[in-house]
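Okay, structure first, notes after.
The values are calculated or read from the model by the stated rules, or taken from the named source; none is laboratory data. Just so it is clear, the structure is predicted and the values come from calculations on it, not from any experiment. Here the Cβ positions follow ideal geometry from the backbone for every residue, glycine too, while neighbour counts run over all protein chains shown.
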Ligand SMILES: NC(=O)c1ccc[n+]([C@@H]2O[C@H](COP(=O)([O-])OP(=O)(O)OC[C@H]3O[C@@H](n4cnc5c(N)ncnc54)[C@H](O)[C@@H]3O)[C@@H](O)[C@H]2O)c1
């Protein structure tokens, strides 16, 4: 079992879904969690559930596209839990839009949250790690959409290819500071985000029944079952801990064998 006891770990987008599952899982390992989310309410709910279960967690409301708020998030985390050990840049959005209908605004909003939001947090955390002088681990949530462009999610996929690129570039640049940078690429995970994707498929006439798109994608996984947020906890534990001490620049697919990359 990787030793994450008292590690200070920030997880963005942890009010619900994949981020919340990672927060709960790493809190069980003894990590001190900062649950950060655009929704202060859901962030507080995740943090309170962790504390009720005997873990350590604070909640921070943050918009990851706002540098001042990201700085305040890091400061709050360090003030409450000591030097930062890891961050999961997990906050993200999705939009289902057929390729020819994606507008400039759609593109900008998507890249603002999924691209710029990750870049800002990486920059701020790397500077924090450099000041602390002990390295650290950055884990970005990309997607299998960051390895394979699919319709009708082209601008979402483009933003996740960007996350993979940021991961590789930062890993090369800051490795000698002891900073490791990796990404997780989930498949089709049963969260609120997928409910939105499923709805989008119906709205665009690609499917006609609720959950049809999710079931269709889930059925292509070699392991033959849908993915749940908890499926991302093991890889998160590994990438945050010293067990992955010689792993950097990787974007690891955790999708039950949906794509092979
Ligand atoms: N669900 C999937 O199938 C799937 C697959 C591959 C990758 N992912 C990625 O995993 C991550 C988490 O996805 P999820 O399924 O848990 O989604 P979700 O929609 O259930 O949760 C995303 C969380 O991010 C928060 N968020 C959104 N914009 C934010 C902002 N500007 N600042 C701070 N927080 C913000 C939301 O409030 C929400 O709590 C995302 O980056 C997503 O792209 C999801």
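Do we find that residue 79 is within 26 Å of residue 115 (Cβ to Cβ), in the same structural domain as residue 150 (by TED's automatic domain parsing) and at pLDDT 95 or above in this structure? So that I can check it myself, show each step before the final result.
Numbers: within 26 Å of residue 115 (Cβ to Cβ): no; in the same structural domain as residue 150 (by TED's automatic domain parsing): yes; at pLDDT 95 or above: yes.
In short, no.
Listed here are the helices (runs of 4 or more DSSP H) enclosed by region 174-261 that have at least 1 residues being in contact (Cβ under 8 Å) with a residue 60 or more places away in the chain, farther than 22 Å from residue 94 by Cβ and in the same structural domain as residue 162 (by TED's automatic domain parsing): 233-240.
Can you find a residue in region 122-144 that is within 21 Å of residue 218 (Cβ to Cβ), part of a loop (DSSP other than H, G, I, E, B) and at pLDDT 95 or above? Working first, answer last.
So in region 122-144, the residues within 21 Å of residue 218 (Cβ to Cβ) come out as 141-144.
Next cut, part of a loop (DSSP other than H, G, I, E, B) only: 142-143.
With at pLDDT 95 or above added as a condition, the list becomes 142-143.
Yes, there is a match, as at least one residue in region 122-144 is within 21 Å of residue 218 (Cβ to Cβ), part of a loop (DSSP other than H, G, I, E, B) and at pLDDT 95 or above.
The residue list 227, 251 contains one member that is over 23 Å from residue 4 (Cα atoms), surrounded by 14 or more Cβ atoms within 10 Å (Cβ to Cβ) and touching a strand residue (DSSP E or B) at 6+ places or on another chain (Cβ under 6 Å), which is 227.
Do we find that residue 34 is near the ligand (Cβ under 10 Å from one of its atoms) and at pLDDT 95 or above in this structure? Spell out the reasoning first.
Details: near the ligand (Cβ under 10 Å from one of its atoms): no; at pLDDT 95 or above: yes.
No: the conditions fail for residue 34.
Number of residues in region 154-173 that are more than 13 Å from the ligand (Cβ to nearest atom), out of contact with any strand residue (DSSP E or B) (no Cβ under 8 Å at 6 or more places or on another chain) and without any contact (Cβ under 8 Å) to a residue 60 or more places away in the chain equals 4. Selection of first residues in region 10-25 that are without any contact (Cβ under 8 Å) to a residue 40 or more places away in the chain and of second residues that are part of a helix (DSSP H, G or I) and near the ligand (Cβ under 7 Å from one of its atoms), restricted to Cβ pairs under 7 Å at least 6 apart or on distinct chains, gives the following pairs, ordered by first then second residue: 15/42.
Selection over region 47-67 of residues that are closer than 18 Å to residue 8 by Cα and near the ligand (Cβ under 9 Å from one of its atoms) gives a count of 2. Against the condition touching a strand residue (DSSP E or B) at 6+ places or on another chain (Cβ under 7 Å) and away from the ligand (no atom under 12 Å from the Cβ), how does residue 176 come out, does it pass? Criteria not met by residue 176. In the set 96, 113, only one residue is out of contact with any helix residue (DSSP H, G or I) (no Cβ under 6 Å at 6 or more places or on another chain) and surrounded by 15 or more Cβ atoms within 10 Å (Cβ to Cβ); that residue is 113.
Restricting attention to region 118-141, the residues being within 16 Å of the ligand (Cβ to nearest atom) and over 20 Å from residue 236 (Cα atoms) number 3.
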